[in-house]
1. Quick one: length gained pulling THR108 to GLU76 fully straight, 0.36 nm per residue minus the C-alpha distance?
2. Contour minus end-to-end for GLU95 and ARG228, with contour as 0.36 nm per residue of separation and end-to-end as the Cα-Cα distance?
3. Using 0.36 nm per residue of separation minus the Cα-Cα distance, give me the extension gain between VAL3 and TYR32 in nm, one decimal.
4. Measuring from centroid to centroid over Cα atoms, what is the spacing of the stretch 189-239 and the stretch 48-72 in Å?
5. Grab the beta carbon distance between ASP49 and LYS238, set R0 = 45 Å, and tell me the FRET efficiency rounded to 0.05.
6. Taking a 20 Å limit on the Cα-Cα distance, which of the listed pairs LYS119/LYS184; LYS119/LYS238; LYS172/LYS280; LYS22/LYS42; LYS224/LYS280 fall beyond it?
7. Over the stretch 221-288, how many percent of alpha carbon pairs lie in each 5 Å bin up to the one with the longest distance?
8. Could you work out Rg/(2.2 N^0.38 Å) for the stretch 2-173, with Rg from alpha carbons only?
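What follows draws every value from the coordinates through simple rules; no lab data is involved. A quick note: this is a predicted structure, and the numbers were derived from the prediction, not measured. Every residue, glycine as well, gets a Cβ built from its backbone with ideal geometry; the counts of neighbours run over all protein chains shown.
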Amino acid sequence: MDVLESVLAVQERTSKWVREGKSIGFVPTMGYLHEGHEQLIKEAREENDKVILSIFVNPLQFGENEDLDKYPRDNEHDQHVAESLGVDMVFLPTENTMYPDPLSVKLTVARRADVLCGKSRPGHFEGVVTVLTKLFNICQPTKVYFGMKDAQQVAVVDALLTDFNFPIRLVKVPTVREDDGLAKSSRNVNLTPTEREEAPAIQEALQYGQTLVKNGERSAEKVKDATRKFLDSRTHGKIDYIELLSYPELEPVTNINQPVILAVAVFYEKARLIDNVVLKSDGTVEIG
């Protein structure tokens with residue numbers, strides 16, 4: 001496995017692979033890999049001739065009240081995981097490598113960004129699409145892999161690929177979960193024992209909302225209200241939001257007659273957890 005820091009070195013390698021007709025699977029991350037990242041890598045390894053993992057803590061997607069310097073990093077661990085899973089190349093750029101000069105061109109996300117988690121993180125998705133545009137041009141992937149735990153990010157990436165005609169297939173990977181249903185996250189270690197015991201109620205609430213839709217409820221407000229009451233009765237965490245929107249457009253809906261996302265965010269003392277389920281109009285799972 002090669003670990004490269006130079007944009008030119010990566011472009012030369014990937015251009016060679018493209019000329020040879022190799023398919024390239026790309027997993028962009030900010031490092032500190034966990035089981036969710038590992039599942040992305042495994043799927044990329046199964047489906048492609050070559051696999052690239054990028055590790056870059058992107059400063060552009062951090063807001064004024066978000067501490068970039070405290071974001072967890074463990075490059076040695078990450079490289080060990082990557083090598084054990086058969087990654088061909090790790091792209092490990094520095095901030096100066098990615099942004100050697102102030103940007104002359106900036107991207108704006110016009111839709112899909114000002115709801116769910118994006119509502120409280122202005123500018124976050126502009127940073128995401130900027131770094132991804134650069135990474136796509138550097139790594140030249142055939143397929144790119146994202147986890148559905150952050151379904152809003154997946155929706156924004158879907159729009160980026162479509163709007164700018166990137167010849168890249170987006171692979172949406174189902175959320176990796178603990179045995180009790182809690183979505184795996186590096187933030188789970190910050191839960192108190194009581195909070196950890198309560199946290200699976202987030203997924204249980206989503207399943208409850210899904211059951212309502214499967215049983216014929218088509219009112220988005222009724223599904224949201226019932227899901228909120230279910231969750232509120234089972235956790236002491238503060239519910240940040242419960243939303244039901246069209247997917248991947250992330251537009252408000254009144255009646256459930258198209259694919260939708262039922263999404264939840266909950267504040268605990270030292271962690272904010274998110275989860276979602278994407279459903280077809282009949283309540284069956286669209287994306288796990």
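1. Separation in residues times 0.36 nm, less the Cα-Cα distance, equals 8.1 nm.
2. Roughly 43.8 nm would be gained on extension.
3. 8.8 nm is the gain from fully extending VAL3 to TYR32.
4. 30
5. 0.45
6. Checking Cα-Cα distances, LYS119/LYS184 exceed 20 Å.
7. Spelled out bin by bin, the stretch 221-288 gives 4, 17, 26, 23, 16, 10, 3, 0 percent.
8. The value comes to 0.99.
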